[in-house]
Amino acid sequence: MTDMQTYPIYQIDAFTDKLFAGNPAAVVILDTFLPIKTMQALALENNLSETAFVVARKDGDYDLRWFTPLHEVDFCGHATIASAHVMLSELGAHSPITFRTKIGTLHVSLTQDGYEMQAPVFEMEQIELTAHFLDAFNQLPNAAWQSRKNIFLMFPNAKSVAEFKPDFSVISALSSQKNVDDGLIIMAPGDSDIGATYARYDFVSRYFVPAFGIDEDPVTGSNHASLAPFWGDRLDKQEMLAYQASARGGALKLRLEKNSVFITGQAVTYMQGAFRLYKA
């Protein structure tokens, strides 16, 4: 005889106000976390950049974990926004939402601009711009930084970021090298000319992370905990608007305050359903 248990699952497009844009994430609501192997298998089956697993705590907060198709990660911004959207818009919870995660406590509040996540600040340290980086990115970078095992490469302008055509075999080989355990970000200031494509944005970026089973992540909230303080200092701004120039694309509103980055984005529900796990 076979036992079966059914679990609710949602698919949310985060950092966008319309379907089929931003970054999709699966959100699974649980009474208690499933075995790690099961959660990893579900993330692989979903085949999205992240699947979030949410468990309600007795104190009113929520435990939250994130899995890519290949690994559990310690911080994912868009799947946190997606999880807050499910709790607030689909399940009737009240703002703010407090998530307990591997990197600490994350608060998400519903504002007139969308879902505002309070994240920690991660500093960037300038590193040598090696021939490996130049070769992998068509000689375009002019400087390099590192933060949380990600490499950040400065491109000449926003257009060069948006139009860059990556060779994922080369980037994958580079990202497997020492000290590049997560991924590579290319970035540039927004266009300065009025009427230019990216004139309304303070900076643009793209994120390549084949080491985690994701060639290019559409919109990455966690990277902006590093990007916001970097560009805030560079531009002498406390509030900024950023754009991740992937094929799907997504906008992020950023605000710096003491030791926190407030990252705001919208989210929409694409799909609601359930999955079944069978146990012999």
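If we keep just the residues of the stretch 73-95 that are exposed (fewer than 15 other Cβ atoms within 10 Å of the Cβ) and more than 13 Å from the chain's Cα centre (by Cα), which is nearest to I29 (Cα to Cα)?
Taking the stretch 73-95 as the starting set, the residues that turn out to be exposed (fewer than 15 other Cβ atoms within 10 Å of the Cβ) are 74, 91-92, 94-95.
Now narrow it down to the ones that are more than 13 Å from the chain's Cα centre (by Cα): 91-92, 94-95.
Numbers: L91: 10, G92: 14, H94: 16, S95: 18 Å.
Per the stated criteria, the residue is L91.
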Discussion item. Of the residues F203, F168, F164, only one is under 20 Å from P69 (Cα atoms) and either in the same structural domain as A251 (by TED's automatic domain parsing) or crowded, with 22+ Cβ neighbours inside 10 Å (or both); which?
Written reply: F168
Worksheet entry | strands (runs of 3 or more DSSP E) lying entirely in the stretch 220-280 (those with 1 or more residues that are polar (S, T, N, Q) and under 18 Å from S83 (Cβ atoms)) | 260-265, 267-279
Practice prompt. Please work out which residue is farthest from F208 (Cα to Cα), limiting yourself to the stretch 17-57 and to residues that are surrounded by fewer than 18 Cβ atoms within 10 Å (Cβ to Cβ) and in contact with a Lys or Arg (Cβ under 8 Å, 6 or more places away or on another chain).
Written response: R57
Discussion item. Looking only at the stretch 197-209, count every residue that is small (G, A, S) and in contact (Cβ under 8 Å) with a residue 24 or more places away in the chain and tell me the total.
Written reply: 1
Fill in: Residue list for the stretch 99-123, restricted to those being in contact (Cβ under 8 Å) with a residue 60 or more places away in the chain, surrounded by fewer than 20 Cβ atoms within 10 Å (Cβ to Cβ) and assigned to a loop (DSSP other than H, G, I, E, B)
D113, V121, E123
Worksheet item: Scanning the stretch 257-280 for residues that are polar (S, T, N, Q) and within 16 Å of the chain's Cα centre (by Cα), which turns out nearest to V28 (Cα to Cα)?
Response: Q266
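Conditions tested, residue by residue: (1) among the basic types (K, R); (2) modelled with pLDDT of 95 or more; (3) assigned by TED's automatic domain parsing to the domain that holds F212.
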site	(1), (2), (3)
P96	no, yes, no
T101	no, yes, no
S109	no, yes, no
A131	no, no, yes
A136	no, no, yes
Q139	no, yes, yes
N142	no, yes, yes
R148	yes, no, yes
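Inspect all residues belonging to the stretch 258-278 and state whether any of them is buried (at least 22 other Cβ atoms within 10 Å of the Cβ), free of Cβ contacts under 8 Å to residues at least 60 places away in the same chain and out of contact with any Ser or Thr (no Cβ under 6 Å at 6 or more places or on another chain).
Taking the stretch 258-278 first, the residues buried (at least 22 other Cβ atoms within 10 Å of the Cβ) are 261, 263-265, 267.
Cutting the leftovers down to free of Cβ contacts under 8 Å to residues at least 60 places away in the same chain gives us none.
Among the residues of the stretch 258-278, not one is buried (at least 22 other Cβ atoms within 10 Å of the Cβ), free of Cβ contacts under 8 Å to residues at least 60 places away in the same chain and out of contact with any Ser or Thr (no Cβ under 6 Å at 6 or more places or on another chain), which makes the answer no.
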Item to complete: Look at A211 and say whether it is assigned to a helix (DSSP H, G or I) and outside the structural domain of V108 (by TED's automatic domain parsing).
Response: yes
Practice prompt. Looking only at the stretch 202-230, count how many residues are more than 23 Å from G104 (Cβ to Cβ) and under 18 Å from the mean Cα position of the chain (by Cα).
Written response: 12
Discussion item. Could you tell me how many of the residues in the stretch 27-51 are of a type in the set (S, T, Y), within 21 Å of the chain's Cα centre (by Cα) and at pLDDT 95 or above?
Written reply: 1
Item to complete: Identify all residues within the stretch 65-97 that are free of Cβ contacts under 8 Å to residues at least 40 places away in the same chain, of a type in the set (A, V, I, L, M) and not in a helix (DSSP H, G or I); write none if there are none.
Response: A93, I97
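The values are calculated or read from the model by the stated rules, or taken from the named source; none is laboratory data. In this text the structure is predicted, and so the values were computed from the model without any measurement. Reconstructed Cβ throughout: ideal geometry from the backbone, glycine too, with neighbour counts over all protein chains shown.
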